[in-house]
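Colleague: Mind looking over this structure? Questions follow.
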Amino acid sequence: MKQFVNEFISHFLKDKEGYNEIRETLLSNLILLNEIPAPTFKEFERATALVKRYAGYEILNGSVDEMGNALGIIPGKNSENNILVVAHLDTHYDSTVDHNVSVNTDHIIGPGVGDNGLGLAAMATLPYLLKHFNLELDSNLILMGSARSLGMGDIEGIRFFLNNFKGNISSGICLEGVKLGRLSYSSIGMLRGELVYQIPEEYDWTKFSSEGALVNMNEMISKILEIPLPRKPKTSIVLGSIRGGTSYNTIPTKVALRFEIRSESNEVVDKLTQEIDNLAMEMSSLTGANVEFKKHARRKPGGTLFSHPLNRVARDIHSMMNIKTRLSPSTSELSAFIAKGIPAITIGLTHGENLGEENEQIDLSLLDKGMAQLLGLLISLDRGFEDEED
């Protein structure tokens, strides 16, 4: 199998004329899907557009399920096994943001093109690629644009699908636009939380600690940063965003801080969660404000071993194409596979810059390697690693 995959990838990368057609289809899908706003919980229009793309490739059972996932199935020769390829539909940008993208020779620029317009476009292009190379898989190939993935969505889309699908999912690939060489096969422990500090209307502004919500939230942030973190297991507290206040000459009465606790140890996540909960209660007691600790998402550590055949194949493909493998844990859709005991990996397709900004951009010159990597992995999954060691 390894020789076949290597020969296929080599042919893919040398066929410049054929790749130009593939690239045109890929970019067409990227522009179509990325220019449709899809903030978390509001992905329906993008999901519908993806299902229409499925219909254009004559994919069976194209539909949007109850959770808003966009599903399509390419039947294989052996209906017993199913490979699930997933890319999340939602983005961090609401509908007020201009979603138009600009394309030049080497880059595409626009909000969410790397996270995760390109991942969606690559998945939508897979049917075209299989037909282009006359590849008929033994396994059924399930393509899913997953809804409610980011933030408070808490990967609801894929968890709903895996909880309700009646067949056997043998393996999975999670697609992210960035970064080429990424290889995630494990999940770290994580709690995604939000501290909301709100001063009630009847608050007595003459009392001690009446500087306003921003000042008191800043004090709370300082206390969070003073919490001692272990070096082993690896642990961090990531402060993601803070929102509050309106303008000059006003005292803000409500501030929200969003953050993540990450650790290789589930017990450490529990301990830090309790410490932050205690800080919230302490601040509420000292200031008389309402301090609420909202817990939006939780992950447990897990995953396959470094030596698992799927992970070895992914590293071999990277080595063949001179791609530097970047091992990193994940807290996205991969976590849902891990919870069900399904071997899966997350990969990136190209490099990017300004991630998370409205002028996010991705490198087009590496897309041939990104797509060759994807097809090589798909072939390997379909053939079941018969040439690999146990």
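Values quoted throughout were computed directly from the atomic coordinates according to the rules given, and no laboratory measurement underlies them. In this text the structure is predicted, and so the values were computed from the model without any measurement. Virtual Cβ from ideal backbone geometry, glycine too; neighbours counted across all protein chains shown.
Colleague: Please list, in order along the stretch 130-139, the HN-Hα scalar couplings obtained from phi with the Karplus expression 6.51 cos²θ - 1.76 cosθ + 1.60 (θ = phi - 60°), rounded to whole Hz, x for Gly and Pro.
Modeller: 4, 5, 4, 9, 6, 9, 10, 7, 6, 7
Colleague: Mind giving me the FRET efficiency for residue 358 and residue 238? R0 is 30 Å, r the Cβ-Cβ distance, nearest 0.05 is fine.
Modeller: With R0 = 30 Å, the Cβ-Cβ based efficiency is 0.90.
Colleague: Another one. Considering the options 278, 239, 250, tell which one lies farthest towards the positive end of the dipole of the stretch 189-298, charges being +1 on Lys and Arg and -1 on Asp and Glu at the Cβ, about the Cα centre.
Modeller: 239
Colleague: Does anything in the stretch 126-160 have its amide N under 17 Å from the 7 Å Cα→Cβ label point of residue 92, and if so which residues?
Modeller: Within reach of a label on residue 92: 148-155.
Colleague: Grab the Cα-Cα distance for residue 365 and residue 41, subtract it from 0.36 nm times how many residues apart they are, and report the gain in nm with one decimal.
Modeller: 113.3 nm
Colleague: Summing Lys, Arg as +1 and Asp, Glu as -1, what charge do residues with Cβ under 9 Å from the Cβ of residue 191 carry, residue 191 excluded?
Modeller: Computed value for this residue: +3.
Colleague: Among 181, 97, 133, whose Cα projects farthest towards the positive end of the dipole of the chain, with charges put on the beta-carbon of Lys, Arg (+1) and Asp, Glu (-1)?
Modeller: Checked the options; the winner is 181.
Colleague: Just 54, 19, 248 to compare: in a GNM of the chain, with alpha carbon springs under 10 Å, which one fluctuates most?
Modeller: Of 54, 19, 248, the Gaussian network model singles out 248 as fluctuating most.
Colleague: A 27 angstrom limit on the alpha carbon distance is what I want to check against. Which of 179/300; 131/300; 232/369; 166/234; 52/300; 2/179 exceed it?
Modeller: 131/300; 232/369; 166/234; 52/300
Colleague: Under a point-charge model restricted to the Cβ atoms of Lys and Arg (+1) and Asp and Glu (-1), what is the dipole moment magnitude of the chain relative to its Cα centre, in debye to the nearest 20? It would help to have the intermediate numbers written out before the result.
Modeller: Numbers: 38 positive and 51 negative charges, 136 e Å.
Rounded to the nearest 20 debye, it is 660 debye.
Colleague: Pop a pseudo-label 7 angstrom from the Cα along the beta-carbon direction at both residue 23 and residue 231 and give the gap in nm to one decimal.
Modeller: 4.7
Colleague: Highest mean first, how do 314-323, 371-380, 226-235, 350-359 rank when packing is the count of other Cβ atoms within 10 Å averaged over residues?
Modeller: Output ranking for 314-323, 371-380, 226-235, 350-359: 371-380, 314-323, 350-359, 226-235.
Colleague: Here's a follow-up. Based on the mean of other beta carbon atoms within 10 Å per residue, what is the order of 301-309, 82-90, most packed first?
Modeller: 82-90, 301-309
Colleague: Take every Cα pair under 8 Å in the chain that's 6+ residues apart, average their separations, divide by the length, and report that relative contact order as a whole percent. Can you show the working numbers first?
Modeller: Working: 815 pairs, mean separation 91.7, N = 390.
Relative contact order for the chain comes out at 24 percent.
Colleague: A follow-up question, please. What's the magnitude of the charge dipole for the stretch 60-133 around its Cα centre, counting Lys and Arg as +1 and Asp and Glu as -1 at the beta-carbon? Answer in Debye, nearest 20.
Modeller: Roughly 440 debye for the stretch 60-133.
Colleague: Just one of (1) 76, 45, 39; (2) 66, 42, 40; (3) 79, 50, 34 is Cα extents along the principal axes in Å as worked out from the coordinates here. Which one is it?
Modeller: Identified label for the calculated read-out: (1).
Colleague: Take the alpha carbon atoms of the stretch 189-298, find their radius of gyration, then divide it by 2.2 N^0.38 Å using N residues; give the quotient. Could you put the intermediate results ahead of the total?
Modeller: On the way: Rg = 14.7 Å, N = 110, 2.2 N^0.38 = 13.1 Å.
Computed over Cα atoms of the stretch 189-298, the ratio equals 1.12.
Colleague: Here's a follow-up. Work out the charge dipole of the chain with +1 on the Cβ of Lys and Arg and -1 on the Cβ of Asp and Glu about the Cα centre, then indicate which of 158, 18, 116 is farthest towards its positive end.
Modeller: Positive-end residue among those listed: 158.
Colleague: Charges only on Cβ, +1 for Lys and Arg, -1 for Asp and Glu: so what's the dipole of the stretch 256-305 about the Cα centre, in debye to the nearest 20?
Modeller: Charge dipole, the stretch 256-305, about its Cα centre: 280 debye, nearest 20.
Colleague: Can you work out the FRET efficiency for the pair residue 52 and residue 278, with r the C-beta to C-beta distance and R0 = 56 Å, to the nearest 0.05?
Modeller: 0.65
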